[in-house]
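Below is one structure, written out as structure tokens; the observations come after it.
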Amino acid sequence: MARLNAANNAITTISEAMDATQTTVNVVDPSLFPSPPFRVTIEDEIMEVSNVNSTTLTVTRGMEDTASTSHDNGTEISNNFTAGTQNELVSQSEFDTHVQEFNEHKANEVSQAEVHGLRATNGKLEYYDGTEWKTVSGGLPVGNVTNFDVQAGNTEVTLMWQDPTDVTLDGATLAEWKGTKILRKTGSYPVDENDGVLVVDSSVRDQYATDGFVDTGLTNDTTYYYSAFPYTTEDVYDKKSDAQATPQPYHIYGVAIDTTNSNPETAVTYTDDATGFTPASGNDGAFSYGSWQDKFPFNQIKPCVFLNGAVNYYLDPNDYSLKEDGTTADITSGADGDVMIEFPKIWWKFERSGDFLYIRYADAQIDSSYLSLAHTRGTTEKDKIYVAAYLGYDDGTSLRSLSGQTPTASETIGSFRNKAQANGTGYEQMPFYPLTMLQILALIMFKNRDLQTALGEGYTDSNNSSSTTTGATDTKGMFYGSTLGTEQVKFCGIEDFYGNLRYWIDGVLYDTNYDMLIGNDGYNDAGDGYTNYGATGWNTDEGGYVDTIQGSTETGFIPASINGSETTYYADYGYIGSDRLPYFGGNWDTGSDAGAFHLYSGAASGSGSSLGARACFV
């Protein structure tokens, strides 16, 4: 807001002569002036009025580099639009424009001695030549657009911005916004409103502030340079705002699951951009990517050492003991940080049609039905998240992800939550939606609901007597599995994705009505602040092999019914209980119960030697 006040047509005369030093001036009619502070002009001197008492003005003399001189009784005193007042409203660069216009008037035989001030009246900037007020040609700009943002899509760019407001002074409109033109070029930004392709000329203020204007028909992988030019009703253009974007093709990969077909593999067919793909395979120690090695997100998933909420350095995906540059990495002591797996943002959607459940993910938000739930914390979306490469190790202070450690068990979900959060802001134990993301990727990549068959048994053999240490898969690439239940499985760089220890999943509570309460922040044992996504279909505590899942975008693979077996449907065990919280994966001796869709549940007060935790950063 402007510091100085102003009034239109505020002109009177002084009622007593004044010398060059006095700091008060008596006037005939002070009622025409605004409330202090304001500035007045007497002949060639500008003064600032700080107080009005009856007909006496208290002033500071010689403002704006004018000379303090004496003035005769009856000399005109006026509240003019001075350079100082202008500087209270606009930047120096904007004022320079008006000075240039003023000088043009001087060139038209208006001498400096004849100009007695500037003012705003009837929406115009005027100057006083000693005889009358005259309008300055041209006009003021309205200012730049704000929040100019561009989002690249497939052969298109969405542009959003907020238009400037009108420029007013004491109720008078000095500059009225008429519209905003968006122009684009390739190679460089437009230099003015006539340079480049006109994308849109918007005359409705803030029409595209929220939903944006979509510039279509563009060429993917080409960078487009956009500039926004707001202009007034007098066609005065302001400085431009710039932004750039490079459209990219988006991809949707999906599967259709025939819910009437009990076969874990043949019930699943590829859809969308995955049509015709060869699924990944493993389970013999010789993993094959099938068609997926160069596909999103598998071509962007990276192992790293992560310290204090940031990547310290990336690792060789085929040997975690090395940095990506081949030098030695510290993945055991924790001094350099924790070993984590970086995942780019993905969007997914579950949809039912007849007997089919369609599950899709994409590398962009195709429409509002696609959600990036794994990468959202509260209402904030993150470009990347990080999942611990190993089962959690409690070092006495925090939950770590380190090679060569015995994973910690026998703690409650609340205790593990506190240990994960002790690493700093953003750290949690494994939340529900990052787990859902991994399950979606596993299902689609392997085109199979039985990951123990498609990838590997995991460390789940019934003859195993305890958990095993972390790090056995450090040199086995990003994916590993075998038919032996004595070898740890590895999925997307995550060792023991299932098997070895089950681990708590935060952000879900089955309440006493067997409703599903799900949250993505403020994790707690009671489901406080979570969203109720309705009934699970349970009315008693019960478990069994999962044949159907809840199957919505938000509820994912939570069991819906348990009429399957170890070789049919999802081929993994599920258990839902009243006032229970889930844990995932199966442990060292659960055999065929374990897998990518194994979801058990227990009381918040529960713990056990087969139940651990996994860290995550969102």
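The values are calculated or read from the model by the stated rules, or taken from the named source; none is laboratory data. As the structure is a prediction and not an experimental result, all values here were calculated from the model. Glycine also receives a Cβ, built like all others from the backbone with ideal geometry; neighbour counts cover every protein chain displayed. Areas reflect the complete protein model, heavy atoms only, side chains present, ligands, DNA and RNA absent. Shrake-Rupley method; radii C 1.70, N 1.55, O 1.52, S 1.80 Å.
No other residue among Gln439, Gln405, Gln452 is within 33 Å of the chain's Cα centre (by Cα) and at pLDDT 95 or above apart from Gln439. For the range 239-265, the set of residues classified as open to solvent by less than 20 Å² (accessible area, probe 1.4 Å) and in contact with a helix residue (DSSP H, G or I) (Cβ under 9 Å, 6 or more places away or on another chain) consists of Tyr253, Gly254, Val255, Ile257, Pro264, listed by residue number. Here Glu43 qualifies as open to solvent by 40 Å² or more (accessible area, probe 1.4 Å), at pLDDT below 95 and in contact with a strand residue (DSSP E or B) (Cβ under 9 Å, 6 or more places away or on another chain).
One residue stands out among those in the range 32-70 that are of a type in the set (Gly, Ala, Ser) and more than 54 Å from the chain's Cα centre (by Cα): the one that is nearest to Asn5 (Cα to Cα), which is Ser54. Ser605 meets the conditions (1) farther than 20 Å from Asp525 by Cα; (2) in contact with a helix residue (DSSP H, G or I) (Cβ under 9 Å, 6 or more places away or on another chain); (3) open to solvent by 30 Å² or more (accessible area, probe 1.4 Å); (4) not β-branched (Val, Ile, Thr) in every case but one. The failed one is (1). Between Thr216, Thr180, the distinction of being crowded, with 18+ Cβ neighbours inside 10 Å, more than 22 Å from the chain's Cα centre (by Cα) and farther than 30 Å from Asn80 by Cα belongs to Thr180 only. Tallying residues that are in contact with a strand residue (DSSP E or B) (Cβ under 7 Å, 6 or more places away or on another chain), open to solvent by less than 30 Å² (accessible area, probe 1.4 Å) and assigned to a helix (DSSP H, G or I) within the range 380-420 yields 4.
Residues that are touching a Gly at 6+ places or on another chain (Cβ under 7 Å), not in a loop (DSSP other than H, G, I, E, B) and not small (Gly, Ala, Ser) within the range 163-221 comprise Thr173, Leu174, Leu183, Arg184, Lys185, Asp201, listed in sequence order.
This table checks each residue for (1) closer than 21 Å to Ser403 by Cα; (2) without any contact (Cβ under 8 Å) to a residue 60 or more places away in the chain; (3) in a loop (DSSP other than H, G, I, E, B); (4) open to solvent by less than 40 Å² (accessible area, probe 1.4 Å).
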| residue | (1), (2), (3), (4) |
| --- | --- |
| Arg449 | no, no, yes, yes |
| Tyr498 | yes, no, yes, yes |
| Leu517 | no, yes, no, yes |
| Trp538 | no, yes, yes, yes |
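Answer yes or no: is there a residue in the range 541-550 that is in a strand (DSSP E or B), in contact with a helix residue (DSSP H, G or I) (Cβ under 9 Å, 6 or more places away or on another chain), modelled with pLDDT of 95 or more and not β-branched (Val, Ile, Thr). Looking for residues that are in a strand (DSSP E or B), in contact with a helix residue (DSSP H, G or I) (Cβ under 9 Å, 6 or more places away or on another chain), modelled with pLDDT of 95 or more and not β-branched (Val, Ile, Thr), one finds at least one in the range 541-550, hence yes. Here Thr233, Thr210 are screened, and the one residue that is over 14 Å from Asn147 (Cα atoms) and of a type in the set (Ser, Thr, Tyr) is Thr233. Return yes or no: is Thr512 over 26 Å from Ser372 (Cβ atoms), open to solvent by 50 Å² or more (accessible area, probe 1.4 Å) and of a type in the set (Val, Ile, Thr)? So Thr512 passes the test. Given the structure, is Thr233 farther than 16 Å from Arg184 by Cα, surrounded by 15 or more Cβ atoms within 10 Å (Cβ to Cβ) and modelled with pLDDT of 90 or more? Considered against the rule, which asks whether it is farther than 16 Å from Arg184 by Cα, surrounded by 15 or more Cβ atoms within 10 Å (Cβ to Cβ) and modelled with pLDDT of 90 or more, Thr233 comes out as yes. Among the numbered conditions (1) surrounded by 15 or more Cβ atoms within 10 Å (Cβ to Cβ); (2) over 33 Å from the mean Cα position of the chain (by Cα), the only one that Phe597 does not meet is (2). Scanning the range 274-306 for residues that are open to solvent by 70 Å² or more (accessible area, probe 1.4 Å) and at pLDDT 95 or above yields Thr275, Gly276, Thr278, Gln293, Asp294, Asn299, Gln300, Lys302.
Answer with yes or no whether Asp325 is open to solvent by 40 Å² or more (accessible area, probe 1.4 Å) and either under 29 Å from Thr275 (Cα atoms) or part of a loop (DSSP other than H, G, I, E, B) (or both). Judged against the criteria, Asp325 is a match. Which residues, taken from the range 574-593, are open to solvent by 10 Å² or more (accessible area, probe 1.4 Å), of a type in the set (Phe, Trp, Tyr) and closer than 21 Å to Ala604 by Cβ? Scanning the range 574-593 gives Tyr575, Tyr583. Residues in the range 354-375 that are open to solvent by 20 Å² or more (accessible area, probe 1.4 Å), over 18 Å from Phe557 (Cβ atoms) and either within 22 Å of the chain's Cα centre (by Cα) or aromatic (Phe, Trp, Tyr) (or both): 7 in all.
Go through the range 522-536 and give me each residue that's at positive phi and open to solvent by 40 Å² or more (accessible area, probe 1.4 Å).
Listed by number, the residues that qualify are Gly522, Gly529.
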